[in-house]
Each structure stands twice: as C-alpha cells, then as structure tokens.
Amino acid sequence: MTGRRLTSLLAYVTTAAAGASLLTGCGVLPGATGGSREPVTVMTWAPDQTRATNMPGMPAMAQTFARWVNSQGGLDGHELRVLTCNEQNTSAGAAACARRAVREGAVAVVGSYSQNGRAFMAPLEAAGIPYIGGYGISEDEFTSPLSYPVNGGQASLIAGHGMQLAAGCRKVSLVRPDTIAGDKLPDLLNSGLRKASHRKAVDIPAVEDAAEYTQQADRARTRAGDEGGCVTAVLGERTQTFFDSFRRLPEEEEKGGRSGVRISSVLGSVGQPLIDRSGGAHSPFEGAFVTGWYPDADNKSWAPMRKVIQEHAFVDNRVDPSDAGVQTTWIAYTVLKQVVESLDSDKVTAVQLSHALDNGVRIDTGGLTPALRWRYDDLLGAPGFPRIVNHDVTFQVVRQGRLVAQKPGFVDVGETVLTAP
C-alpha cells in the first residue's frame with residue numbers, strides 16, 4: 001500500500017473514531033466543524049424533574065443552538081461543545097454543576113437557571129469562568145463581577161409590574177415565595193406602584209412548592225377587594241397551582257362575586273405555554289396583565305430563533321419558542337457567538353471572554369433587547385443589583401388565549417429599580 005493511500009486510510013479511521021466517541025459521550029453535544037481552531041466548551045444548567053420550578057428547555061435550547069452553529073462552521077471556526085447539568089433546585093446541585101464546569105474545562109456557563117447563586121458563583125469565580133446570560137433569578141447574578149446578565153432579572157420584572165398595575169388596579173395583593181429572594185419582591189413591586197402614587201401591595205408569603213394555596217388565595221382576594229382589585233402571584237412553576245386554588249374559591253354572593261378582581265403575574269411565572277396548557281382563550285389567565293423582559297412571542301424579532309428551532313430541535317418538545325427560559329438561552333448564546341467572533345483567536349479562554357465583555361464589546365440581539373454592553377459605565381448600579389445593564393421590560397396582556405403587547409415597545413424601569421429600598 002502506498003504512503004498516500006495509508007495516510008488517507010488512517011485519516012478516515014481517526015475521524016470516524018473521533019466522531020463515534022463524541023456521539024456516545026454523556027451530556028456533550030458533538031459538533032460538525034473542523035479546522036485548526038480549538039473547540040469552545042461551555043455549560044448550560046437548569047433544574048429538571050423537581051418539585052419546584054423546572055427549566056428543561058434551557059439546556060435543550062443550548063444543544064439546539066450548538067447543532068445549528070456547528071452546521072454553519074462553528075463559532076468563528078470553533079466547534080461549540082455544550083455540557084448540560086441538572087441543577088436540581090438545590091445549593092448542592094448548583095455547586096456540583098459549577099465544579100463540573102471547572103473540571104471539564106468550560107470557558108463559560110451560558111443561558112442557565114439557578115436560584116442558588118451563592119453556591120455556583122464561588123466555584124466559577126475561583127476558576128475565572130464567566131456566567132453569561134443567566135435567567136436572572138438569583139441576586140448573585142447581579143453582583144458578581146463575572147456575571148453578565150442579558151435581562152434585568154426579577155428586580156426589573158417586579159418593579160415594572162408595579163408600574164403596569166398602578167394604572168389599572170385600585171388595590172394589589174402580592175403572593176410570593178417565602179424565601180430570601182422572595183422577601184425582596186414587595187419593595188420592588190411597591191417602587192413601581194409608587195409611580196402612580198399608589199398604596200403599597202398586601203404582602204402574602206407562601207411556601208414555594210405547596211400542593212395547594214387555598215388559604216393564601218382567599219386572603220389575596222379579600223385584601224384586593226372586588227372593585228378594581230388585582231391579585232398577582234409570582235411563584236414560578238407553582239403559579240398555576242395558586243391560580244387553580246384561586247379559581248376554586250367559593251363565590252362571594254353577597255358582594256356580587258369576584259368578577260371585579262383581575263389577576264396578573266410576570267414572565268417565568270405565567271407564559272404562553274402555561275396559558276396553552278390551561279385552556280387558551282378559556283384559561284383563567286384570559287385578561288391577565290403580564291410583565292416580560294422581551295417582546296411577545298409572536299414578534300417578528302424571534303423569527304431567527306424559530307427557524308433554528310424548526311430546523312435543529314427536531315421533535316424535542318422541550319424547546320418551546322414562547323418559553324422565557326428558551327428565549328433567554330437563545331439571547332445568551334447570541335452573546336457568546338458575537339463575543340467569540342470579536343476575539344478572532346485560534347483558542348478561546350475564559351479570561352479572554354470576560355476581558356472582552358468588560359471592555360465594551362457591543363452585542364446586537366436583533367431587537368430582542370437593547371444593545372448590550374457590560375462596561376462600568378453601562379451598569380445601572382442599583383443597590384443589590386449593580387450588574388443590571390438591560391433595565392427594559394414589556395407590558396403584555398392575555399387576549400384570546402395569546403400573550404400580546406399591551407403597549408408597543410420597551411418600558412425603561414431603571415429609575416424605578418434605583419428607588420426601591
């Protein structure tokens with residue numbers, strides 16, 4: 001056999017073997033790119049199959065993005081490898097995912113969900129690994145110098161929700177988790193309500209993973225009143241459970257029923273998938289006010305994401321384009337893609353990524369957010385949330401079973417967040 005034929009055969013065998021090993025790897029997405037540039041390994045984590053909030057669509061969207069970008073030649077010629085991890089809604093699970101990201105050489109954690117910021121940020125900070133585009137649910141995402149949020153988190157949502165409710169609600173009852181993170185929500189909601197010289201909301205803490213909320217629902221309805229009152233619940237995946245309990249409350253016949261009470265929530269607790277599951281136009285959420293980070297799911301700005309999902313998610317029904325977690329992951333990976341392209345380097349490191357982000361690389365998300373940058377001058381600097389750079393929200397309402405814009409465009413709630421105690 002000639003040297004040339006032997007070389008060709010060895011190249012074929014080596015390539016086939018490498019491909020097979022990637023395809024059989026656990027939790028790692030294979031790529032389809034080659035060339036001299038080194039692969040870029042990142043991690044996406046989220047809780048799955050837990051009793052509280054689950055976000056399986058986020059790692060599934062990360063894998064979908066990797067399939068798409070690798071089919072296009074990778075991230076500026078780098079194969080994108082995605083590690084996924086079940087954060088389990090526990091501090092131990094979050095810490096374990098972070099340690100695995102360090103151990104397996106991830107250069108960033110991208111588009112992930114965890115309420116346990118203290119547990120996961122410490123290992124990432126020790127290894128210098130940036131946290132890009134987290135869901136925005138933990139305080140540490142807005143305080144750590146290695147966190148680069150793409151939205152204003154719960155702070156912007158709740159403050160904006162207060163502004164949205166102030167225009168149409170005489171009294172407001174807030175049902176929220178009885179947790180450290182939940183304790184901050186009343187002040188944020190009230191900062192928005194104050195924009196219209198509105199009285200404070202009634203604060204009703206509730207167990208985050210309860211099986212029913214009859215007691216809290218009854219108190220919320222009573223305190224909101226039946227004339228122009230609003231009941232808002234921010235309980236993550238258990239928001240549906242709360243409103244099921246609310247819907248089953250007996251009519252107060254002597255007060256003419258409860259038809260005057262309007263319900264509301266924020267994206268992540270109520271979204272299009274939940275509205276669809278609970279009856280669409282006949283769901284209890286018809287007419288509800290909802291505050292979101294991004295344009296409504298039918299907005300044309302989401303067309304590129306929808307095309308990628310259609311062509312590369314196959315039959316994975318976890319990847320719902322109207323899910324806030326899926327949307328956040330898409331935006332987070334858009335950030336990663338543009339930052340890697342800005343480096344134009346054969347090897348991408350965690351230090352390079354964080355340095356580029358700190359020094360003003362500008363991210364265009366195609367109208368899904370304002371242009372994103374994380375220079376010191378771009379930070380909002382709000383007490384408790386200094387890392388917010390995107391303090392825009394959208395006001396939406398449920399009409400005929402669809403979340404649609406209540407008013408066009410974005411609403412800047414930066415000043416409102418700054419004035420929260």
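The values are calculated or read from the model by the stated rules, or taken from the named source; none is laboratory data. Remember, it's a predicted structure, so these values are computed and weren't measured experimentally. So basically every Cβ, Gly included, is an ideal-geometry build from the backbone, and we count neighbours across all protein chains shown. For accessibility, only protein heavy atoms count, side chains too; no ligands or nucleic acids. Shrake-Rupley method; radii C 1.70, N 1.55, O 1.52, S 1.80 Å.
The criterion of at least 1 residues that are closer than 26 Å to THR64 by Cβ is met by the following helices (runs of 4 or more DSSP H) wholly inside the range 90-203: 91-103, 117-127, 153-166. The residue of the range 65-98 that is nearest to TYR131 (Cα to Cα), among those that are surrounded by fewer than 22 Cβ atoms within 10 Å (Cβ to Cβ) and over 22 Å from the mean Cα position of the chain (by Cα), is ASP76.
Each residue in the range 113-156 was checked for being modelled with pLDDT under 95 and aliphatic (A, V, I, L, M), and 2 pass.
Residues that are farther than 23 Å from VAL175 by Cβ and open to solvent by less than 10 Å² (accessible area, probe 1.4 Å) within the range 141-162 comprise GLU141, PHE142, SER144, SER147, TYR148, PRO149, VAL150, listed in sequence order. Within the range 183-224, being in contact with a Ser or Thr (Cβ under 9 Å, 6 or more places away or on another chain), under 25 Å from THR50 (Cβ atoms), open to solvent by 10 Å² or more (accessible area, probe 1.4 Å) and among the β-branched types (Val, Ile, Thr) holds for one residue alone: THR214. Selection of the range 337-351 for residues being of a type in the set (Val, Ile, Thr) and either assigned to a loop (DSSP other than H, G, I, E, B) or surrounded by fewer than 18 Cβ atoms within 10 Å (Cβ to Cβ) (or both) yields VAL348, THR349, VAL351. The strands (runs of 3 or more DSSP E) located wholly in the range 211-314 that include 1 or more residues which are more than 27 Å from the chain's Cα centre (by Cα) occupy 229-233. For the range 352-379, a tally of residues being touching a residue at least 40 places away in the same chain (Cβ under 8 Å), closer than 23 Å to GLY117 by Cβ and assigned to a loop (DSSP other than H, G, I, E, B) returns 2.
None of ALA313, ALA332 is modelled with pLDDT of 95 or more and touching a helix residue (DSSP H, G or I) at 6+ places or on another chain (Cβ under 7 Å) except ALA313.
Can you find even one residue in the range 396-407 that is assigned to a helix (DSSP H, G or I), open to solvent by 30 Å² or more (accessible area, probe 1.4 Å) and of a type in the set (A, V, I, L, M)? So far as the range 396-407 goes, no, none of its residues is assigned to a helix (DSSP H, G or I), open to solvent by 30 Å² or more (accessible area, probe 1.4 Å) and of a type in the set (A, V, I, L, M).
Among the residues of the range 170-182, those identified as open to solvent by less than 10 Å² (accessible area, probe 1.4 Å), in contact with a Lys or Arg (Cβ under 9 Å, 6 or more places away or on another chain) and either more than 20 Å from THR239 (Cα to Cα) or modelled with pLDDT of 90 or more (or both) are VAL172, SER173, VAL175. In the range 352-369, what count of residues is obtained for those that are in contact with a Phe, Trp or Tyr (Cβ under 7 Å, 6 or more places away or on another chain) and open to solvent by 20 Å² or more (accessible area, probe 1.4 Å)? Matching residues across the range 352-369 total 1.
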